[in-house]
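The next block holds one structure in the form of structure tokens; read it before the comments.
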Amino acid sequence: MKKNINIGKIKQFKSMRESLSLQDAIREANRCLLCYDAPCSKACPAGTDPAKFIRQIKFYNFKGAARTIRNNNILGGVCAHICPVEKLCEQKCSILALENPIDISGLQRFASEYGEKFGIEPLVKHKSNDNKIAVIGAGPAGIGCASVLAKKGYQVTIFEKENAGGGVLRWNIPEFRLPKVALERDFNNLLDIGVTVKYNTNIDSEDAIQSLMKNGYKAIFIATGLSEAFRMDLFYNFSNAIDYISFLRTIKIKNGNEALVNKNVAIIGGGSVAIDSAVSAKACGAKKVYLISLEHLGELPADQEEIDLARKMNIIFKSGSQITGLVSDKNQITQIKGKEIEWMEPEKFIPENARQIKGTEFNLNVDLVVQAIGTKPGKEILKFSTGLKTFGKGILVVNENFETNIPGIFAGGDISNGGSTVVQAVGEGKKAAENIHIFLG
Amino acid sequence: MTKKADLSINFCGVKFENPFCLSSSPVGNHAEMCSRAYDAGWGGIVYKTLGLEKSFKVVMPSPRLSVYNYGNKKFVGLQNAEQITDRPIKDNIRDIALLKKNYPNKILISSIMGYTDEDWSELAKMSEDAGADILELNFSCPQMAHKSAGHRVGQDFHAVAAFTEVVKKSSKLPVIAKMTPNITDMIPVAIAAKEGGADAISAINTIKAITDIDINNFTPLPNIHGHSAATGFSGPSVKPVAMRFVSDLYNSKDLNLPISAIGGIETWIDALHFLLLGATNLQVTTGILRYGYRIVEDMIEGLSDFMIERNIKSLNEIIGKATEKIVDPSEFTTRYQVISVIDEEKCIGCGQCYISCQDGANQAIKFDPKTRKASVDEERCVGCLLCKHVCPVWDCISYKEVDTKNAKHAAIF
Ligand SMILES: Cc1cc2nc3c(=O)[nH]c(=O)nc-3n(C[C@H](O)[C@H](O)[C@H](O)COP(=O)(O)OP(=O)(O)OC[C@H]3O[C@@H](n4cnc5c(N)ncnc54)[C@H](O)[C@@H]3O)c2cc1C
Ligand SMILES: Cc1cc2nc3c(=O)[nH]c(=O)nc-3n(C[C@H](O)[C@H](O)[C@H](O)COP(=O)(O)O)c2cc1C
Ligand code: SF4
């Protein structure tokens with residue numbers, strides 16, 4: 001059984017779920033059917049192998065379980081907190097035919113924490129060869145790739161523009177969903193195996209790739225994620241309209257944001273990140289928090305559990321609504337105007353398909369508007385190398401080996417999949433590493 | 001009104017409204033507890049074993065219990081380091097008299113344990129005077145270290161015969177001799193009791209066992225200030241052993257005495273198992289320690305419904321019915337062969353049967369990695385049914401008979 005979400009903890013910016021106790025973990029592991037060719041393990045994009053670590057817990061081999069997790073997935077401790085397991089491993093759990101799935105993420109977190117608490121041996125640096133590899137970006141994809149290459153003996157250097165690693169994990173995912181200690185634990189494992197990270201190193205010069213190559217790097221892995229948030233033209237000139245990336249970043253760094261106390265906040269968007277923003281605003285002490293989305297409640301891309309949480313926190317859903325205008329005072333928005341919509345064609349959830357309904361006008365008094373409508377790659381990526389192929393909003397084109405159109409240049413994670421999950425990014429990083437290894441013969 | 005079957009039995013010439021009794025232990029420690037047990041529906045009580053203070057000072061160690069756990073399942077067996085009652089004999093005798101006065105139609109069996117002939121005789125007389133219906137002679141407590149008491153006596157035919165005879169001479173009450181399972185063959189001891197005049201046999205008392213060890217300090221549990229001992233084990237884990245002994249007793253032509261079965265009974269199905277193996281009377285301790293007196297309600301209702309469904313008028317119709325089918329393994333036929341059958345609809349695709357058959361049987365299961373369905377290779381299956389037993393879906397794997405003359409079959413060639 002999953003631990004319940006504790007709203008009190010959310011407001012303190014502490015992990016919103018308790019860890020499983022030893023008793024919980026043993027009970028849960030004993031429910032596992034220990035499947036042959038286990039479907040949960042096959043469903044993990046990063047190859048964490050839950051079937052194995054659950055078996056290890058069942059047979060009281062707790063440190064073995066912790067080793068399995070960190071050997072297979074360098075961000076296994078992080079993933080235990082934030083993987084959408086109900087769409088991955090737990091969705092494939094055989095016991096679903098009989099009862100609730102095994103709480104795989106709970107067990108994963110238990111084992112990772114157990115390993116640390118009971119002194120699992122640190123990882124060690126592998127004997128290195130002469131091949132230098134550059135990884136751009138110390139987010140999940142870069143970390144996943146670097147971990148595999150370092151274990152194979154490559155000298156891996158990650159170039160990271162921020163002063164610390166983790167990408168979205170460090171700066172954006174709310175603390176109550178992903179405590180910093182979990183990232184710290186996993187990130188230290190990366191350093192222990194001998195990966196070098198060069199912080200405050202923004203790769204944005206013309207032909208950055210060529211100069212890295214000149215400096216002896218034999219292959220390059222681009223893992224820069226999606227660093228630029230989309231913004232709506234309507235809000236362009238107003239200083240109290242910001243994007244969710246910077247909004248969440250401030251809260252994550254300060255463990256809250258006093259400026260939001262008793263303020264009215266409107267979040268625009270209906271996905272998981274919009275809910276993260278709304279719940280965070282509420283946790284900071286905001287008075288009214290509105291969640292405005294074109295999609296109706298049942299059509300929201302966010303998960304049911306997230307929606308339930310938002311409701312428990314009294315987030316006001318303005319779903320099935322479109323913003324029609326605003327009222328401002330100098331460069332401050334004071335009111336948002338909107339109308340309810342209906343879809344002209346079914347199942348096409350795009351603005352062009354929305355028709356506003358007469359007589360449904362509403363006005364919301366707001367102090368802050370947060371736009372949570374997506375992200376795209378930073379513009380600097382295009383400068384990396386002439387001829388690097390992209391599509392859509394600037395997503396890098398890669399083949400099934402995660403190689404770009406330029407030989408020796410690989411990419412993975414959000415920058416090339418367009419935005420997915422942490423575990424997907426780690427998995428792509430790992431696979432890219434294998435292909436880099438093959439590429440270098 | 002729910003229809004109720006007649007659950008009454010006649011055991012040692014005494015009528016019980018139902019066969020369900022408390023076995024001698026803390027569950028029948030004093031009058032207040034016993035009253036509540038009677039009120040809950042138990043047909044009889046074997047009172048906690050009485051002894052004489054002048055012969056033996058009872059010491060109750062602390063902690064006194066340890067359990068055997070399996071996976072997340074706690075308490076599949078219980079170990080106790082308890083001796084006979086530590087209450088003054090006069091209090092217990094007063095309680096027995098009070099209980100018989102308040103519950104004249106319920107049965108009270110007095111369990112006694114002496115050290116000398118005089119002890120046995122005195123305890124028998126005191127019990128009879130207090131109104132007990134039956135005596136149970138405790139020849140089987142594994143915690144009584146004395147060489148002339150407890151299970152040491154139960155391993156010594158002569159002592160069993162002699163003490164039983166003393167009791168029979170001192171009292172007119174029917175006598176049950178309670179057996180220890182800490183012995184290879186129970187029959188000679190039971191026959192010794194019969195020769196001493198016993199009217200019935202009860203079995204089993206607890207099995208000497210070690211349930212657990214604290215791996216931090218290498219001390220077995222219960223950890224009694226740094227020491228422990230192999231002591232009495234009871235509960236669900238011992239039921240298979242108890243069933244074997246009860247069946248042995250019932251099958252013995254020379255013995256031919258009524259049996260009170262004890263060991264791991266918790267449900268009406270457990271009860272029925274023992275009845276089918278030849279028991280007339282049934283006793284329970286660990287089930288009550290774990291769940292309380294209330295469990296008798298479900299035993300009564302469950303057994304009653306079973307009898308009504310099968311049109312069984314009296315428990316006598318079923319007592320011993322399963323023992324007819326128990327033979328020596330050498331008598332099994334070799335011309336009968338089964339193979340397992342997997343219901344594809346019910347298969348949930350866990351593949352546990354595949355793993356077990358691969359590593360523990362005859363590599364006779366195929367597992368389709370795409371559909372995740374298991375199927376049986378009929379030519380390789382030896383019909384051990386390991387697969388059926390590991391399957392988490394109760395009715396997914398069954399079996400069918402194969403034609404042993406024509407089949408090309410792993411078990412035959
Ligand atoms: C608010 C929010 C909540 C989320 N919640 C979840 C969740 O619960 N579960 C889940 O699985 N996924 C979640 N995601 C998605 C997940 O975080 C991403 O899919 C994942 O982080 C992608 O990893 P990445 O390594 O590709 O990119 P990032 O995490 O974005 O990492 C990119 C790294 O590259 C660095 N970088 C960028 N440009 C440069 C440059 N030019 N030079 C040097 N360094 C550079 C960045 O500083 C960063 O460290 C969430 C995302 C957001 C925004
Ligand atoms: C705590 C405890 C104390 C017991 N004390 C006695 C006793 O005093 N006399 C006796 O004849 N049997 C005693 N027994 C044995 C039980 O009567 C019974 O034979 C045995 O526990 C098996 O039955 P069960 O599995 O239903 O418990 C005791 C058992 C337990 C668990
Ligand atoms: S009955 Fe035994 S041999 Fe036959 S399939 Fe099952 S496990 Fe294998």
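The values are calculated or read from the model by the stated rules, or taken from the named source; none is laboratory data. Everything numeric in this text was worked out from a predicted model, so none of it was measured. Cβ coordinates were reconstructed from backbone atoms using ideal geometry, including for glycine residues, and neighbour counts include every protein chain displayed.
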Restricted to segment A:15-39 and to residues being touching a Pro at 6+ places or on another chain (Cβ under 8 Å) and within 11 Å of another protein chain (Cβ to nearest Cβ), the residue surrounded by the fewest Cβ atoms within 10 Å (Cβ to Cβ) is A:Asp37
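Among what's in segment B:381-393 and is within 7 Å of ligand 3 (Cβ to nearest atom) and over 12 Å from B:Val341 (Cβ atoms), pick the residue that is farthest from the chain's Cα centre (by Cα).
We begin by selecting, within segment B:381-393, every residue within 7 Å of ligand 3 (Cβ to nearest atom); these are B:381-388.
Cutting the leftovers down to over 12 Å from B:Val341 (Cβ atoms) gives us B:382, B:384, B:386.
On the way: B:Val382: 33, B:Cys384: 28, B:Leu386: 26 Å.
By that ranking, first place goes to B:Val382.
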task = Would you be able to say whether some residue in segment B:51-60 is touching a strand residue (DSSP E or B) at 6+ places or on another chain (Cβ under 7 Å) and crowded, with 18+ Cβ neighbours inside 10 Å?
result = no
Picked from segment B:334-365 (must be in contact with a Phe, Trp or Tyr (Cβ under 8 Å, 6 or more places away or on another chain) and at the interface with another protein chain (Cβ under 9 Å from one of its Cβ atoms)), the residue nearest to ligand 2 (Cβ to nearest atom) is B:Gln352
If we ask which residues in segment B:371-390 are within 14 Å of chain A (Cβ to nearest Cβ) and of a type in the set (D, E, K, R), their number turns out to be 2
* Does B:Val327 satisfy the criteria of being of a type in the set (Val, Ile, Thr), without any contact (Cβ under 8 Å) to a residue 24 or more places away in the chain, away from chain A (no Cβ under 13 Å) and more than 30 Å from A:Glu99 (Cα to Cα)? -> yes
*asked:* Scan segment B:396-410 and tell me whether some residue there is within 14 Å of chain A (Cβ to nearest Cβ), β-branched (Val, Ile, Thr) and part of a loop (DSSP other than H, G, I, E, B).
replied: no
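Condition first: within 16 Å of ligand 3 (Cβ to nearest atom) and in a loop (DSSP other than H, G, I, E, B). Can you find one or more residues in segment B:321-337 that meet it? Walk me through how you get there before you give the answer.
Looking only at segment B:321-337, we keep the residues that are within 16 Å of ligand 3 (Cβ to nearest atom), and these are B:336-337.
Pick out the ones that are also in a loop (DSSP other than H, G, I, E, B) and you get B:336.
Yes - at least one qualifying residue is present in segment B:321-337.
For A:Glu86, are the conditions met, namely being out of contact with any Leu (no Cβ under 7 Å at 6 or more places or on another chain), away from chain B (no Cβ under 13 Å) and surrounded by fewer than 17 Cβ atoms within 10 Å (Cβ to Cβ)? Write out each step before concluding.
Details: out of contact with any Leu (no Cβ under 7 Å at 6 or more places or on another chain): yes; away from chain B (no Cβ under 13 Å): yes; surrounded by fewer than 17 Cβ atoms within 10 Å (Cβ to Cβ): yes.
Against the criterion (out of contact with any Leu (no Cβ under 7 Å at 6 or more places or on another chain), away from chain B (no Cβ under 13 Å) and surrounded by fewer than 17 Cβ atoms within 10 Å (Cβ to Cβ)), A:Glu86 qualifies.
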Condition set part of a loop (DSSP other than H, G, I, E, B) and out of contact with any helix residue (DSSP H, G or I) (no Cβ under 7 Å at 6 or more places or on another chain), scope segment A:89-108, selection farthest from the other protein chains (Cβ to nearest Cβ): answer is A:Asn100
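Results for (1) under 22 Å from A:Arg231 (Cα atoms); (2) without any contact (Cβ under 8 Å) to a residue 40 or more places away in the chain, shown as yes or no for each residue.
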residue	(1), (2)
A:Arg311	no, yes
A:Ser319	yes, no
A:Leu326	yes, no
A:Asp329	yes, yes
A:Thr334	yes, yes
A:Thr375	yes, no
A:Asn399	no, yes
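Looking only at segment B:62-75, filter to residues that are surrounded by 13 or more Cβ atoms within 10 Å (Cβ to Cβ) and in a loop (DSSP other than H, G, I, E, B); which one of those is farthest from the other protein chains (Cβ to nearest Cβ)? Quick ask: steps written out before the conclusion?
Of segment B:62-75, the ones surrounded by 13 or more Cβ atoms within 10 Å (Cβ to Cβ) are B:64-69, B:71-72, B:75.
Filter once more, so that each one left must be in a loop (DSSP other than H, G, I, E, B): B:64, B:71-72.
Working: B:Arg64: 24, B:Gly71: 4, B:Asn72: 4 Å.
In this case the residue turns out to be B:Arg64.
Run down A:Phe221, A:Phe230 and say which single residue is within 30 Å of A:Asn405 (Cα to Cα) and surrounded by fewer than 18 Cβ atoms within 10 Å (Cβ to Cβ). Show your work before the answer.
Working: A:Phe221 fails: surrounded by fewer than 18 Cβ atoms within 10 Å (Cβ to Cβ).
Of the residues listed, the single one that is within 30 Å of A:Asn405 (Cα to Cα) and surrounded by fewer than 18 Cβ atoms within 10 Å (Cβ to Cβ) is A:Phe230.
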Hey, B:Asn102 away from ligand 2 (no atom under 15 Å from the Cβ) and within 14 Å of another protein chain (Cβ to nearest Cβ) or not = no
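Based on this model, can you work out whether B:Gln363 counts as at negative phi and either assigned to a loop (DSSP other than H, G, I, E, B) or at pLDDT 95 or above (or both)?
Numbers: at negative phi: no; either assigned to a loop (DSSP other than H, G, I, E, B) or at pLDDT 95 or above (or both): yes.
It is false that B:Gln363 is at negative phi and either assigned to a loop (DSSP other than H, G, I, E, B) or at pLDDT 95 or above (or both).
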The condition from (1) among the aliphatic types (A, V, I, L, M); (2) touching a helix residue (DSSP H, G or I) at 6+ places or on another chain (Cβ under 6 Å); (3) assigned to a loop (DSSP other than H, G, I, E, B) that A:Ile203 misses is numbered (2)
- Message: within 22 Å of B:Phe56 (Cβ to Cβ), over 25 Å from the mean Cα position of the chain (by Cα) and in the same structural domain as B:Ser234 (by TED's automatic domain parsing): is that true of B:His158 in this structure?
- Response: yes
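What's the total number of residues in segment A:69-84 that are over 14 Å from A:Arg109 (Cβ atoms) and either assigned to a loop (DSSP other than H, G, I, E, B) or β-branched (Val, Ile, Thr) (or both)?
Total satisfying the criteria: 2.
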Within segment A:405-436, of all residues that are away from ligand 1 (no atom under 13 Å from the Cβ) and in contact with a Lys or Arg (Cβ under 8 Å, 6 or more places away or on another chain), the one nearest to A:Ala219 (Cα to Cα) is A:Gly408
- [ ] Consider A:Phe53 carefully, then state whether it is assigned to a helix (DSSP H, G or I) and free of Cβ contacts under 8 Å to residues at least 60 places away in the same chain.
- [x] yes
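In segment B:237-252, is there at least one residue being farther than 25 Å from B:Gly278 by Cα, modelled with pLDDT of 95 or more and either not assigned by TED's automatic domain parsing to the domain that holds B:Glu128 or not polar (S, T, N, Q) (or both)? Let's see the steps before the verdict.
Of all residues in segment B:237-252, those farther than 25 Å from B:Gly278 by Cα come to none.
Taking every residue of segment B:237-252 in turn, none turns out to be farther than 25 Å from B:Gly278 by Cα, modelled with pLDDT of 95 or more and either not assigned by TED's automatic domain parsing to the domain that holds B:Glu128 or not polar (S, T, N, Q) (or both).
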In segment A:356-371, is there at least one residue being closer than 19 Å to A:Ile220 by Cα, in contact (Cβ under 8 Å) with a residue 40 or more places away in the chain and touching a helix residue (DSSP H, G or I) at 6+ places or on another chain (Cβ under 9 Å)?
no
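Please list, ordered by residue number, the strands (runs of 3 or more DSSP E) wholly in segment A:356-426 having 3 or more residues that are more than 22 Å from the chain's Cα centre (by Cα) and over 23 Å from A:Gly144 (Cα atoms).
Strands (runs of 3 or more DSSP E) meeting the threshold: A:362-365.
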Within segment B:228-260, the residues that are more than 16 Å from ligand 2 (Cβ to nearest atom), surrounded by 22 or more Cβ atoms within 10 Å (Cβ to Cβ) and either more than 17 Å from the chain's Cα centre (by Cα) or part of a loop (DSSP other than H, G, I, E, B) (or both) are B:Pro258
Tell me, please, whether a residue that is part of a helix (DSSP H, G or I) and over 30 Å from A:Ile323 (Cα atoms) can be found in segment A:158-174. yes
Flagged pairs (Cβ under 7 angstrom, 6 or more apart or on separate chains; first in segment A:114-134, closer than 19 Å to A:Val181 by Cβ; second part of a loop (DSSP other than H, G, I, E, B)) are A:Leu123/A:Ile193
The residue that is surrounded by the fewest Cβ atoms within 10 Å (Cβ to Cβ), considering only those in segment B:76-91 that are touching a residue at least 24 places away in the same chain (Cβ under 8 Å) and either within 14 Å of another protein chain (Cβ to nearest Cβ) or in a helix (DSSP H, G or I) (or both), is B:Asp91
